[in-house]
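Inspection log for the structure reproduced underneath, given as structure tokens.
The values are calculated or read from the model by the stated rules, or taken from the named source; none is laboratory data. In this text, all values refer to a predicted model and were calculated from it rather than measured experimentally. So basically every Cβ, Gly included, is an ideal-geometry build from the backbone, and we count neighbours across all protein chains shown. For accessibility, only protein heavy atoms count, side chains too; no ligands or nucleic acids. Shrake-Rupley method; radii C 1.70, N 1.55, O 1.52, S 1.80 Å.
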Amino acid sequence: MLKIKNLRAGVEDKDILNGIDLHVSPGEVHAIMGPNGSGKSTLAAVVAGKEEFEVTEGEVLLDGEDISELDPEERAHKGVFLSFQYPVEIPGVTVTNFIKTAINETRKAQGMEDMPAGEMLKKIKEKADLLEIDRKFLSRSLNEGFSGGEKKRNEIFQLAMMEPKLAILDETDSGLDIDALKVVANGVNKLKSDDNAVIVITHYQRLLDYIVPDYVHVLMDGKIVKSGPKELAYELEKRGYDWIKEELV
Amino acid sequence: MSLKDKLLSSFIAFEDYLEDDSPIHDVRNEAIKHFEEKGFPTKKEEAWKYTSLRTLLKEDYSLTPYKESVVEFKDVKKYFLHEVDTYKVVFVDGVYSSFLSQTTHDKLDVCLLSAAFSKDKYKSVIETYFNKVAKSESLTSLNTAFAKEGAYIFVPNHVESDKPIEIINFSTGNEAAAMLQPRNLIVVGENAHVQIIERHQSLSGNAVLTNAVTEIFAEKRAHLDYYKIQNDQHTASLLDHTYIHQERDSICKVHTFSFGGKLTRNNLNFYQNGEHCDSVLKGITILEDNQHVDHNTLVHHISPNCESHQDYKGIFDDKSTGVFNGKVLVEKEAQKIDAFQQNNNILISDKATINAKPQLEIFADDVKCSHGCTIGQLDEDAMFYLRSRGIGKKEARALLMYAFANNVLESVKIPELKKRINKLIANKIGVSLGFDL
Ligand SMILES: Nc1ncnc2c1ncn2[C@@H]1O[C@H](COP(=O)(O)OP(=O)(O)OP(=O)(O)O)[C@@H](O)[C@H]1O
Ligand SMILES: [Mg+2]
């Protein structure tokens, strides 16, 4: 589904990603771990199409098509979804209006009619229930004054509404309390199928107890320096990253 | 001949033509003298530093229309708030159109200033109110000198107007260039309520210069909601002067929606003459091309325990320019004042400019005054967030601009008007969204 080949990207004269290779097949869950500042969020943003980062080499293929020149919205229309590490506050636009616009703009791009209002409402209700989101919450301005955990839950609500092919969750677990973590992870698992894939960026093994990865990758200085089965996450939790650095030398 | 000279010489003919016993004969003569002394404002004056009238004044304006124009309702329907029933005072090229108007003398007087001047029963009102709050400022004096026609609205004590009132000034473009000087007088009696919508609309691409003065008196506990819709042709310019005298416990709100026009200057002045007055000034300005809008506001806090709220939002594209000069003057006696001023601007293009200058002059010591001013671009992170959810660049921009302007619309009390403004904004931004904010 997603093939990243020798991807190099950065800002102005600073290289952040230094040759990333990653293959994600339908039905898989990949975890990406790594020290602060290693480039995890940058990788996520580059895949989602943030223009701030310049891709200097390599390619990003989605179902065989190079998407690295596409606008962020075009990537979204093709099924890429990024759950933000820091969701942006948009005062004046309610969660409901936002998600309606997002869904209908995406449908329009796919040559479909707007989703009928009744169907939309039903879906909103269903997904809000799945993520145990209070209905009142949906008429508030998007992320404005939301607590850290509420923002993350709202990201996953949007994920549930959009039903993307490829979901990238950037530190969705940070800010969530233990119960919320279960609710959110459960939500993600419910949406999981053989046709879609998830990339989970996290610092903690705990999330991976709930969203169980097929592969764990370690990102350091903009490169994937080690990949392994889910047990690798336990080892990282126990031993940190220094031993990997030593292995590399 | 300069426009000033042309105006001065036409004043003589104008006075000759009016009856000598006009109750404002002396007022007019005083005013023209003042204008003659002062002339048109120039950029040398602090208050006009960022707005130049030079090119406007070069036009050869006709000062009185040569022929009366007929305007069909169907051609101008869209400029009225036709979804609801309203009183209408309509002028075409400065001449009252009884055909397009719908006036009343039922519970309140919605009619013509010229009628008020000439009829005995209005004599005392004219004597009490006319030119009493308007200040001697050159453009205002010029208007006063030629004051002849405009809307006259008198809402007696305890009367709540059953419908909104629309004041519309059309210009047909029968002349290559025309100058209009409407003069409105509005008196809202004790505990009386009224909603007014004002619009200047050119029906052609010919040049129009409107120098308008509106005097408003809000008596004790009066409620006034005034909406200025400025969405005129790019060849029409407006110099607007609104003076509001408030008595105790009155609430006056003025919303100014500036989307059109070539050059617009809004002088909006509030004078609080009793305790517990509330003055609200809100504006949304969305400009493109070479458009220019200058908001020059004054809230004069003369009495204690009053409030004022100013909230102006501006979005500037292309080479458009905006000015916000908000003055809050708190007199020594005016203790326990709560004065709030906010001015936020977004520059879409790097050629657009905004000059914002808050001016607080506070002589009382126990007051709460706050002001904030921001100038920025659309937030890149917000753009990426919206776009990553499948919302196209144009729509994402529109959504952010809508959201930015949104809270100014919250206080618009006429739902149909709110919808209209919403649509105007959507049109102006060039996008239609599936919902209203
Ligand atoms: N716009 C930018 N301009 C300059 N440097 C940037 C920019 N964006 C990211 N960086 C730098 O790139 C590096 C990688 O940042 P990134 O956010 O991808 O790290 P991360 O792995 O997600 O870290 P964390 O675990 O703390 O979230 C950091 O050193 C960061 O400071
Ligand atoms: Mg990060």
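Things worth noting here:
- Screening the candidates B:Gln291, B:Gln246, B:Gln233 for the property of being assigned by TED's automatic domain parsing to the domain that holds B:Asn157, of a type in the set (S, T, N, Q) and open to solvent by less than 10 Å² (accessible area, probe 1.4 Å) yields one hit, B:Gln246.
- In region B:131-230, counting only strands (runs of 3 or more DSSP E) that sit wholly within it, the ones holding 2 or more residues that are closer than 29 Å to B:Lys121 by Cα span B:151-155, B:165-171, B:183-188, B:193-202, B:207-218, B:223-230.
- The number of residues in region B:135-153 that are open to solvent by 10 Å² or more (accessible area, probe 1.4 Å) and within 11 Å of B:Asn184 (Cα to Cα) comes to 2.
- Those residues of region A:219-235 which are of a type in the set (A, V, I, L, M), more than 18 Å from the chain's Cα centre (by Cα) and within 23 Å of A:Tyr86 (Cβ to Cβ), in sequence order: A:Met220
- Evaluation of B:Phe363 against the conditions (1) surrounded by fewer than 22 Cβ atoms within 10 Å (Cβ to Cβ); (2) at pLDDT below 95 shows that the sole unmet condition is (2).
- Within region A:49-58, the presence of a residue that is surrounded by 19 or more Cβ atoms within 10 Å (Cβ to Cβ) and either away from ligand 1 (no atom under 16 Å from the Cβ) or more than 14 Å from chain B (Cβ to nearest Cβ) (or both) is excluded.
- Among (1) open to solvent by 90 Å² or more (accessible area, probe 1.4 Å); (2) over 21 Å from the mean Cα position of the chain (by Cα); (3) touching a residue at least 40 places away in the same chain (Cβ under 8 Å) - the single one B:Ser22 does not satisfy: (1)
- Qualifying residue in region A:166-173 (condition: among the aliphatic types (A, V, I, L, M), assigned to a helix (DSSP H, G or I) and closer than 17 Å to A:Ile103 by Cβ): no
- Qualifying residues in region A:162-180 (those that are open to solvent by less than 10 Å² (accessible area, probe 1.4 Å) and more than 16 Å from ligand 1 (Cβ to nearest atom)) - the one nearest to A:Lys78 (Cα to Cα): A:Leu166
- Boolean, B:Phe99 is of a type in the set (A, V, I, L, M, F, W, C) and within 27 Å of B:Glu137 (Cα to Cα): no
- Check on A:Gly92, over 27 Å from A:Lys182 (Cα atoms), within 16 Å of ligand 1 (Cβ to nearest atom) and either of a type outside the set (S, T, N, Q) or open to solvent by 50 Å² or more (accessible area, probe 1.4 Å) (or both): no
- Within region B:163-176, the set of residues being modelled with pLDDT under 95 and surrounded by fewer than 21 Cβ atoms within 10 Å (Cβ to Cβ) comprises B:Thr172, B:Gly173, B:Asn174, B:Ala176.
- Pick from region A:64-104, criterion outside any strand (DSSP E or B) and within 16 Å of ligand 2 (Cβ to nearest atom), ranking: farthest from the other protein chains (Cβ to nearest Cβ): A:Gln85
- Residue in region A:152-159 that is open to solvent by less than 10 Å² (accessible area, probe 1.4 Å), more than 13 Å from every other protein chain (Cβ to nearest Cβ), away from ligand 1 (no atom under 16 Å from the Cβ) and under 30 Å from A:Asp195 (Cβ atoms) present: yes
- Of all residues making up region B:185-207, the number that are under 20 Å from B:Leu81 (Cα atoms) and touching a helix residue (DSSP H, G or I) at 6+ places or on another chain (Cβ under 8 Å): 4
- Residue check, A:Ile4 within 14 Å of ligand 1 (Cβ to nearest atom) and over 30 Å from B:Glu410 (Cα atoms): no
- Checking B:Thr51, B:Thr64 one by one, the residue that is β-branched (Val, Ile, Thr) and modelled with pLDDT of 95 or more is B:Thr51 and no other.
- Any hit, region A:36-46, residues being among the aliphatic types (A, V, I, L, M), crowded, with 16+ Cβ neighbours inside 10 Å and away from ligand 1 (no atom under 11 Å from the Cβ): no
- Each residue in region B:273-297 was checked for being within 15 Å of the chain's Cα centre (by Cα), under 25 Å from B:Leu56 (Cα atoms) and among the hydrophobic types (A, V, I, L, M, F, W, C), and 2 of them qualify.
- Which listed residue, of A:Lys223, A:Lys245, is within 22 Å of A:Leu22 (Cβ to Cβ), modelled with pLDDT of 95 or more and among the basic types (Lys, Arg): A:Lys223
- Inclusion of B:Ile348 among residues that are open to solvent by 40 Å² or more (accessible area, probe 1.4 Å) and under 26 Å from B:Val412 (Cβ atoms) is warranted.
- Residues that are open to solvent by 10 Å² or more (accessible area, probe 1.4 Å) and assigned to a loop (DSSP other than H, G, I, E, B), drawn from region B:275-288: B:Glu275, B:His276, B:Glu288
- Residue check, A:Leu138 buried (at least 17 other Cβ atoms within 10 Å of the Cβ), at the interface with chain B (Cβ under 8 Å from one of its Cβ atoms) and not in a loop (DSSP other than H, G, I, E, B): no
- Search result, residues across region A:185-218 that are under 16 Å from the mean Cα position of the chain (by Cα), buried (at least 16 other Cβ atoms within 10 Å of the Cβ) and within 16 Å of ligand 2 (Cβ to nearest atom): A:Ile199, A:Val200, A:Ile201, A:Thr202, A:His203, A:Leu207, A:His217
- Filtered residues of region A:238-249 (kept if open to solvent by 100 Å² or more (accessible area, probe 1.4 Å) and among the acidic types (Asp, Glu)): A:Glu246, A:Glu247
- Flag set for A:Gly228, criterion: surrounded by fewer than 18 Cβ atoms within 10 Å (Cβ to Cβ), closer than 21 Å to A:Met1 by Cα and either of a type in the set (Gly, Ala, Ser) or within 16 Å of ligand 2 (Cβ to nearest atom) (or both).
- Residue in region A:7-23 that is under 19 Å from A:Met162 (Cβ atoms) and under 17 Å from the mean Cα position of the chain (by Cα) present: no
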